[in-house]
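The values are calculated or read from the model by the stated rules, or taken from the named source; none is laboratory data. Computed from a predicted model, the values in this text were never measured in an experiment. Positions of Cβ are backbone-derived with ideal geometry, glycine not excepted, and every protein chain shown enters the neighbour counts.
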Amino acid sequence: MSPRKQFHLPASLSESPWGYFQVDRSTGVLLVWNQAFERLYGFEDEAPGGITMDEFYVFGGGGSFADIRAQVDDHGFWRGRTSSREVVGAIIEADLTLQHSDEEPVLHGYLLEHPTVGGRVRPSSRSEFNMLQMLMEHSPDIIFIRDQLGRVLVSSASFRVAVGLKARSSGDVGKLLEDFISRDIAERFAAVDAEVLETGKASVNHIEEVCFLNGGKCWWMTTTAALIDSLGQTIGTLSVARDISERKRYEKELKVAMEEMQIASQAKTNFLATMSHEIRTPINGVIGAAELCQETYLNAEQKSYLETIIHSGSTLLALVNDILDFSKIEAGQMNLERLSFEPFHVLEELVESFSSQARERGNELILACEPDLPGYIIGDPLRFRQVLANLLSNALKFTFDGEIILRAQVANQSRYGVTLDFIVEDTGIGIEEDRLEAIFESFTQADMSTTRRFGGTGLGLSICRELVSMMGGSLDVESTVGKGSRFIFSLPCEVPADPGAEVVEQIGELAGTRVLVVDDNGTNRKISCALCKQWGFEAESAIDAVEALRKMEAAAEADAPYRLILLDQQMPDLTGLDLAAIIKKRPFAENCKIILLSSSLNREEVDRAKEMGLARALSKPVRRNVLLEVVMETFGVKRAADALSRNGTEFPVAAQIGRRVLLAEDNLVNQTIARTRLTKMGHEVTVVEDGAEAVEAYVKGEFDLILMDVEMPNVDGLEATRRIREVEQAEGKTPVHIVAITANAMDEDRQACMDAGMNDYISKPFRTDRLQRVLGEVDAALDAGDDGGIKPTVEVEVRAWLKSLSPEDRSDMLEAAKVFSDSLEEELVELRRSVRERDEYKLGRYAHQVKGVASVFEARELLAAAESLEAEVKAGENWTRLQQKASALENALISLERALAVEPEF
C-alpha cells in the first residue's frame, strides 16, 4: 500500500493548487501528499513508497534532513531553495517550507512552483520571482500572500515587522492572521478573504483598526485580490495594506476641531440672537416713542429733533441688520427662499422708496426696464430686493446733484431659463481702479476717509456679493474716479411655466395719440418715449423749451398736433411750469393736455399747476401704472379694471374695525408704545407680562388678536402659543390669530415661531404701518371665517346692480352668471390644488384673473379678496398668511355665486 493511501487529507488540502506533503519527523519519510505535489514532480498513479527527504531532495550547502529538522525545532519552521534528485519527475527546483506541528509527529511541507519548460525552470521566471521578492522586502506597504486556508506563505518585511517579528524572520510562514492579531479582527479579514475567493472580485481599501497580540495598534487600509496560478486556478489571496494611523489621527483631530467649531458657531449664533434682542429692544423704544411724539402738537424745532432721532435710530437698525446678515453668511446659516415674484414691481417699489433721498441730494433717480423683462421669476424676493437696495443706497450716498439709473434687461435667454442684468449706474465720486475688488471685502470701503465722511460698516457690498453668489449670479463693478460707477448684478433665473412678459395695457380709445416728452435728461426722454409707444401712443421728445415750442408749432401746421405733453419741471433756463405758461398762451396748444413731472414736487408747484389748468402734477419717479391711469383720467377714458365704478360711484375704503387685542410683553417701554399705538387705532388692549398670564387671559376672555413677545420670563411666547393651540384643539375653539413680536432677527427664530403655531412674525422695531397691515389681515381672516350665510349687503348690492342695468345688459349678465356658476367648482378645485402644492405663481395668476370676474359683476368683496391674495403672492413673505388669503378668495367666490343664484324680481 502506498503512503498516500495510508493517510487521508482533508479536501481543502487534497485539492489545493499549492504543493503540500507531510513527512515523518523522526525518519524523514514522506507520508502523504496532495495532487498538486504529484503534478509538480510528475508522479503517476503511485509515488515511490517509503522514500525519504534525503533521497528525494538535495538541500543547499550539502545539508541533510537532520540539519533541516534541527532548524525547525529551534525556530518552528524552515524555508529554503531545494533541488529534486534525478529519481523523480519534471520539476528541478522549488522553494520549500517545512513547519512544525504541535499535534502530530510530522512536519508540514509547502511548495512554491516555478514555471518550467521541458522540466527546467525558465531563467526569466526565476528573475521575475526574485524581483517580486525584492520589491516585497523593500516596499513600505504591508504585503502578504496566503493560501486558501488563510495561512501565510510569503510576506514582505513590513508585514513581519508590523506583526512583531524581525524583518528577516520567517516566523510568519504557515501561520494564520489570528496568530498575530486579535481573533475578532482576524475573523473580519477572513470574511473579506472568503468573499474575494468566492466572487473573484477584489476588496479595495478595506479599513480596519488592527489590534496585535503584542499590545500594539494601528489602522490598516487593505486591498485584497485573488491569486491565480498559471492554470487559471485560484490558489490563495494577495493582500496589500497601508498603515494609515497618522491619517486617522489627523481625521480624529479634525473631527474634534469641527465639533469645537460647531460649538463655537452655535455659541456665536446664540450670542447674535441675544445681542439682536438686547439691541433691538431699546431701538424699538427710541423709534416708537419718537413716532408717537410726532403725532402730538409740535413746533418746527421739536419736529426737527424727532426726525433726527428717528433717522439715527433707523441708521443704527440698518447697521445691526448688516452685522447680523454678515454673521449668518459667515456661519453658513443664510437660507434662500424659492418663490415666484414679479421683478418689475420690486424695482418700482425700490425706486419709489428711495425717491425722497434722491430729491434731498438733488439727484435724478430713474428706472429703465426693457419691455421683454419676464413677468415672474423664481427666487428669493427679499434677498433680491436687499441686494438692489444696497446698491441704490450706495449710489445715493456717493452722488450729489447727479443721476442714478436702475436698469433691468434680459442678458441671455434659453429654454432652461433666463439671465437678467440689473445695473445701477451713478454719476458720483467713483472708485479708484486698484480699489474695485477691495470694496467687496468685509469691513472695507474705498478708503478710510469714506467711512468718516459717509459712514457705514463696510459690510454692505460684501454681503451683497455673498448673497448674489448664493443665488448663482455675479456682482461686478466698473468705475471712473470723478465720473461715477456702474454695478452689474447678473442673475440666472428660473421662469415659471407660461410666465409671459410684463403685460403692458393698450387703450384702444387713445391709440395713436401724439405725445411730446419734454425733458433735459436723455435717459428720461428715451424711457418715457418707449413707454408711450408700448401703450400705443405716437411719442416724440424735446430737450428744452425752445425745441418743444418749435416741434409743437410744426406739428400744428402739419395738422397733427400733440394731444399730450409730459413736461419735466427741473430744466435749465426755463422750468417746466414756466414753459407750460408759455404753451398755454399759444393758440396751437388749445386742446393739448399737460402733465407735470417733478423730482421735488412741493405744494407751491402743485398749486401753481392747478391754477394754470395743467391736468396733473406728479412726483418723479412715477410708477408706470400710475402714469397710465393719470393719462387715461386726463382724457376721460376708463380701464377695464375700473368697471366697478362705471356708474360713477367709487367704493369707499372700509375703516378698520376695532378689535380685542391681547398684548403679551414684559418690557415696560414696549408695552407703553404698543398699547398707545393700538389704542389710537381704536382697538381694545389687554396687557400681560409673561406667557403664563397670556394663556390665562386667553382662557378667561375672547380676543381677535394676540401680539406675543417671544422672550418673556417664566413661560416664553413659543410655549404660551403651544398651550393656547392645545386649549383650542381640546375645546374646539376657532384658532385665534397670534403674531410674534421679537427682537430676534435670525431665520431660525422666525421658523421657530411658525412651528409653535403662530400666524405671523414682526421683528422689532415694528412701525405703525406694519402693525396696521397685520390688523388688516386679522380683519380679512375674521371676515373670511364668517360662514353664517350670505351677508345681506352682498345680495342687496348684486340685486341693486342688476336692477340698474338695461334689460339687454341684465340678460347678458345673467347669462354670464350662469357661465361663472358652471365653471366655479372646477376652478375651486384648481385653487385648492395650487394651495396644497404651494404654487405661488398659479395663485397669483388666478387672483389676477378673478379681478376681471369681479369687475364684470361689480363684486367689491371678491375684488378685495383677489387683490389681497395677489399682493400677498408678490410679497412672498408668509405662507400661512397666503393660505388665509386663498381661503378668503374662495369664500368670496362662493358668496358671489350664491348671490347671483337668487332670482331677482324686476
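Can you pull out every residue in segment 521-536 that is touching a strand residue (DSSP E or B) at 6+ places or on another chain (Cβ under 7 Å) and surrounded by fewer than 21 Cβ atoms within 10 Å (Cβ to Cβ)?
Result: Asn521, Thr523, Arg525, Cys529, Lys533.
Determine whether Asp544 is farther than 19 Å from Ala368 by Cα, in the same structural domain as Glu633 (by TED's automatic domain parsing) and exposed (fewer than 15 other Cβ atoms within 10 Å of the Cβ).
no
Determine the pairs where a residue that is touching a residue at least 12 places away in the same chain (Cβ under 8 Å), located within segment 713-729, has a partner that is crowded, with 22+ Cβ neighbours inside 10 Å and among the charged types (D, E, K, R) with Cβ atoms under 7 Å apart, the partner being 6 or more residues away or on another chain.
Pairs that qualify, where the first residue is touching a residue at least 12 places away in the same chain (Cβ under 8 Å) and the partner is crowded, with 22+ Cβ neighbours inside 10 Å and among the charged types (D, E, K, R), are Gly717/Asp709.
For the condition surrounded by fewer than 15 Cβ atoms within 10 Å (Cβ to Cβ), under 27 Å from His737 (Cβ atoms) and at pLDDT 75 or above, what is the one hit in Ala871, Ala886?
Ala871
Considering each of Asp141, Asp147 in turn, give the residue that is touching a Ser or Thr at 6+ places or on another chain (Cβ under 8 Å) and at pLDDT below 85.
When all the criteria are applied, what remains is Asp147.
Glu301 - would you say it is more than 34 Å from the chain's Cα centre (by Cα), assigned to a helix (DSSP H, G or I) and modelled with pLDDT under 75?
yes
Is segment 574-590 home to any residue that is part of a helix (DSSP H, G or I), within 53 Å of the chain's Cα centre (by Cα) and either touching a residue at least 40 places away in the same chain (Cβ under 8 Å) or under 19 Å from Leu365 (Cα atoms) (or both)?
Yes.
Of the residues Gln22, Gln71, Gln35, which single one is within 24 Å of Arg168 (Cβ to Cβ), at pLDDT 70 or above and either among the polar types (S, T, N, Q) or touching a strand residue (DSSP E or B) at 6+ places or on another chain (Cβ under 6 Å) (or both)?
Going through Gln22, Gln71, Gln35 in turn, just one is within 24 Å of Arg168 (Cβ to Cβ), at pLDDT 70 or above and either among the polar types (S, T, N, Q) or touching a strand residue (DSSP E or B) at 6+ places or on another chain (Cβ under 6 Å) (or both): Gln71.
Would you confirm, using the coordinates I've provided, whether Leu644 is in contact with a Phe, Trp or Tyr (Cβ under 7 Å, 6 or more places away or on another chain), at pLDDT 75 or above and not charged (D, E, K, R)?
no
Just to check your reading of the model, which residue among Thr686, Thr721 is modelled with pLDDT of 90 or more and in a helix (DSSP H, G or I)?
Exactly one residue qualifies, and that residue is Thr721.
Select from segment 154-200 the residues that are of a type in the set (Lys, Arg) and either assigned to a helix (DSSP H, G or I) or free of Cβ contacts under 8 Å to residues at least 12 places away in the same chain (or both) and write down the one among them that is surrounded by the fewest Cβ atoms within 10 Å (Cβ to Cβ).
For segment 154-200, the residue satisfying everything is Arg168.
With (1) part of a loop (DSSP other than H, G, I, E, B); (2) at pLDDT 75 or above as the list, and Gly109 as the residue in question, which single condition is left unmet?
(1)
Output the residues belonging to segment 235-278 that are at pLDDT below 80 and part of a strand (DSSP E or B).
Ile235, the sole residue that qualifies.
Among the residues of segment 563-583, write down those that are at pLDDT 90 or above and of a type in the set (D, E, K, R).
Arg563, Asp568, Asp578
Does Val410 qualify as being in the same structural domain as Ser462 (by TED's automatic domain parsing), hydrophobic (A, V, I, L, M, F, W, C) and surrounded by fewer than 19 Cβ atoms within 10 Å (Cβ to Cβ)?
Yes.
Any residue that is modelled with pLDDT under 65 and on the phi > 0 side of the Ramachandran plot - is there at least one of those in segment 116-123?
Checked segment 116-123: at least one residue is modelled with pLDDT under 65 and on the phi > 0 side of the Ramachandran plot.
Looking at (1) assigned to a helix (DSSP H, G or I); (2) within 18 Å of Ala756 (Cβ to Cβ); (3) of a type outside the set (Phe, Trp, Tyr), can you tell me which one Leu678 breaks?
The number of the failed condition is (2).
Taking only pairs six or more apart or across chains, which ones have beta-carbon atoms under 6 Å, a first residue in segment 292-309 that is without any contact (Cβ under 8 Å) to a residue 24 or more places away in the chain and not assigned by TED's automatic domain parsing to the domain that holds Gln357, and a second residue that is among the small types (Gly, Ala, Ser) and surrounded by 12 or more Cβ atoms within 10 Å (Cβ to Cβ)?
Matching pairs, first to second residue: Leu306/Ala290; Ile309/Ala290.
Could you grab me the full set of residues in segment 201-217 that are touching an Asp or Glu at 6+ places or on another chain (Cβ under 8 Å) and buried (at least 17 other Cβ atoms within 10 Å of the Cβ)?
Listed by number, the list holds a single entry, Ser203.
List the residue pairs whose Cβ atoms are under 7 Å apart, where the first residue sits in segment 890-906 and is at pLDDT below 70, the second is assigned to a helix (DSSP H, G or I) and exposed (fewer than 13 other Cβ atoms within 10 Å of the Cβ), and the two are 6 or more positions apart or on different chains.
From segment 890-906, the pairs are Pro904/Lys803; Phe906/Lys803.
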